[in-house]
Structures are given as C-alpha cells and as structure tokens.
C-alpha cells in the first residue's frame, strides 16, 4: 500500500513566533510523528498550502479535490485545520474509488500535550481499513463526511445525528 498525505495547514502544524506573539502554520509535522512512532508504511507527502482553515476558500477546496482525484494512490490522508474540516470533507464527497480521511488537532503537534499524534495514528489506521468514501478521524472516532460537526465549546467532533 502506498499512502498519499496531503497537508493544507491548520493547528496541527502551527508554530509560535515570539517576535509577533502569534501562531502561524509552519512545516508539516507528519514525518516527525511517523518517525517517532516507527510507522513502516510507504507514503508520499504533498504540502498544498499552509492555511488556517478559517482562511480556506472554495478554490482551495477545489485544489484539494483535484489533487485527490488525480492521485494514483487510493488511500489519502489530509491534515487540515479543525474549524472548517467538516466543510472540506463534505466538499470532497463523491470522489470515486478513494478512501480519504481528514484529521487535525486542537493543539499543535509541537506541544507536549497535544491530540495530534493520537489523531494522526487514528487517521492512518482508518485510511487503511475503511471502504471508499470521505471520513474525519478525530477524538477517537471515525465520522462519515456530511454527518459530523465540530463542537467548539466541547473541543471535539460529534455526529450531527446518530443513526
């Protein structure tokens, strides 16, 4: 199996800049997380953009969609900001023959206390075993696109409606 990882930004890759006292999206942390976890699968990584998901546009989502459609890989993991992750997942729905899993983090992967490593592990496992479709892997759960929302108050993802 060869996995395609697409990074588009979000909190998972944020870096704190003392000079401006702000966080900005930096280099992807996926490779470091995979090396630390001794991940042994083949993967290719593409950094499409470094955006906070609140800045994501439909043009950005179209670029992500085209990249997924044109990929020779059938398993695709996307790291994405959590604020509009559900919207992007919905936008990617309908891509045939691919298993696409989006994940991110509530705290940067570079922080000592972060959900990033767990979420990347969950997403990596999910993309290998789920059937074709688009999913979000967050908070220990796999959600199908179109039936998930971020609960900002609770800092977690949840089903829109449980079947």
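Quick look at the values:
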{"item": "Relative contact order (%) - the chain, alpha-carbon pairs under 8 angstrom, separation at least six", "result": "23 percent"}
{"item": "Helix-only CD estimate at 222 nm, as mean residue ellipticity for the chain, using -39500 (n - 2.57) per DSSP H run (n ≥ 4)", "result": "-7500 deg cm²/dmol"}
{"item": "The chain: most fluctuating residue of 40, 121, 81 per GNM, C-alpha cutoff 10 Å", "result": "40"}
{"item": "Pairwise Cα inverse-distance average, inverted: Kirkwood Rh of region 2-159 (Å)", "result": "15.4 Å"}
{"item": "Highest-fluctuation residue, 79, 29, 88 considered, GNM on the chain with Cα pairs under 10 Å", "result": "29"}
{"item": "Selected from 101, 148, 129 as most flexible by GNM, with the chain as the system and alpha-carbon contacts under 10 Å", "result": "129"}
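Readers should treat all values here as calculations from the given coordinates under stated rules, not as data from a laboratory. Predicted, not measured: the structure shown is a model, and the values here were computed from it.
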